[in-house]
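**Q** I have a structure here, written as structure tokens, and I will follow up with some questions on it.
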Amino acid sequence: MKFLRIKLLFLFALTVGVVKAQVNPNEFVEEKPYLMKHEATAGIQFHSAGWGIQFRRSFNLTGYKKLMFEGDYVSMKHPKEVKSVNQSFDNARSYVYGKLNNFTILRLGVGRQKTFFSKGDRNGVEIRAIYSGGLSMGVLKPVFLQILEPTGTLGQFDLSIQRYNPSEHYVDNIYGRAPFTEGIDRLFFRPGGYVKLGVNFEYAPFFEDVKALEVGVVADFYPKEIPIMAYTENKQIFLSFYLTLMYGRKW
């Protein structure tokens, strides 16, 4: 009986030694992630007619579907915009000839996100499809310029700041653009809507972090044309392709 106990103890010690030998204490053992119900991200967005910022808040509906609330604030340029400089003066500031208003867009919307391919491990990539839509508030700020005013003395001018008027201001009497703050008190708004479709690639090495690249297309539409430029046609529907770099957290 005593011999049997000694034999069992020997076998137990041998088994523990073999198990310990098989586990490298310096080796990283990844824990299986649990479902995180919340996600918040912010990012920089570059698109085919400008750039801006994005914020997004998401809630898990299932393991593969999320409800999203998002906000974008982006600039929007007219395709005919070309910078000009008054070559008669060395320190003249550049401006866009014919530009009536600076146009930016505030988007507030809701959407869904669906995961098509989950991360296999911490070095994997999760692929998601997103679609969203909502309010697209167009914000227009009138363009103000520095205008050359003759003094009566040959070759001498005074500068005055005036709102751009296509019937009065030409390349020969525009000195350059006025400071950005000019016209900030004369903002006007054009409400509209937007729809967005995209594919999101999430690649953060830790499951509680979010690092993602998103590409897609967004359409902003308004009841009337948006008056950005003189001398050319303005649009009421803006289609743009975007790329967004996103960072955030899950919990």
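Laboratory data are not the source of any read-out in this text; all were calculated from the coordinates shown. The model shown is predicted, which means the values in this text are computed figures rather than measured ones. When we count neighbours, we look across all protein chains shown, and the Cβ atoms used for this are built from the backbone with ideal geometry, even at glycine.
**Q** What percent do you get for the relative contact order of the chain when only Cα pairs under 8 Å and 6+ apart count?
**A** 20
**Q** Show me, for region 142-156, the HN-Hα J-couplings you get by feeding each phi into the Karplus relation (A = 6.51, B = -1.76, C = 1.60, θ = phi - 60°), rounded to Hz, glycine and proline as x.
**A** Result, ordered by residue: x, 7, 10, 10, 8, 10, 7, 10, x, 9, x, 9, 4, x, 10 Hz.
**Q** How far is helix 2-22 tilted, in degrees, relative to the longest principal axis of the Cα atoms in the chain, given as a value from 0 to 90 rounded to the nearest 10?
**A** 20
**Q** Given a 10 angstrom Cα cut-off, can you work out which residue in SER58, SER167, SER240 is the most mobile in a GNM of the chain?
**A** Of the options given, SER167 has the highest mean-square fluctuation.
**Q** Here's another thing I want to ask about it. Can you list residues whose amide H is under 5 Å from VAL125's amide H, if they're 5+ apart or on another chain and H is modeled 1.01 Å from N?
**A** Counting only residues 5 or more places away or on other chains, the set is GLY120.
**Q** Sticking with this structure for a sec: Among THR151, THR104, what is the fewest-to-most ranking by other Cβ atoms within 10 Å?
**A** Lowest to highest Cβ neighbour count: THR151, THR104.
**Q** State the label only: which of (i) 0.95; (ii) 1.77; (iii) 1.67 corresponds to Cα Rg over 2.2 N^0.38 Å computed from the shown model?
**A** The listed entry that was calculated here is (iii).
**Q** Could you identify which residue out of PHE46, PHE206, PHE144 has the top mean-square fluctuation in a GNM of the chain using Cα springs shorter than 10 Å?
**A** In the Gaussian network model the winner is PHE206.
**Q** Taking amide H atoms as placed 1.01 Å from N in the peptide plane, list the residues 5 or more away in sequence, or in a different chain, whose amide H sits under 5 Å from that of TYR97.
**A** For TYR97, the qualifying residues are VAL82, SER84.
**Q** So what's the back-of-envelope 222 nm ellipticity for the chain, counting only DSSP H runs of four-plus at -39500 (n - 2.57) apiece and dividing by all residues, rounded to 500?
**A** Calculated at 222 nm, the ellipticity per residue is -3000 deg cm²/dmol.
**Q** Another question about this same structure. Under 5 Å between amide hydrogens, which residues at least 5 positions from ALA204 or on another chain qualify, with H placed 1.01 Å from N in the peptide plane?
**A** Distant-sequence amide H within range of ALA204: LYS211.
**Q** How much length is gained on full extension from ILE53 to TRP251, taking 0.36 nm per residue of separation minus their Cα-Cα distance?
**A** Once the chain is fully extended between ILE53 and TRP251, it gains 69.0 nm.
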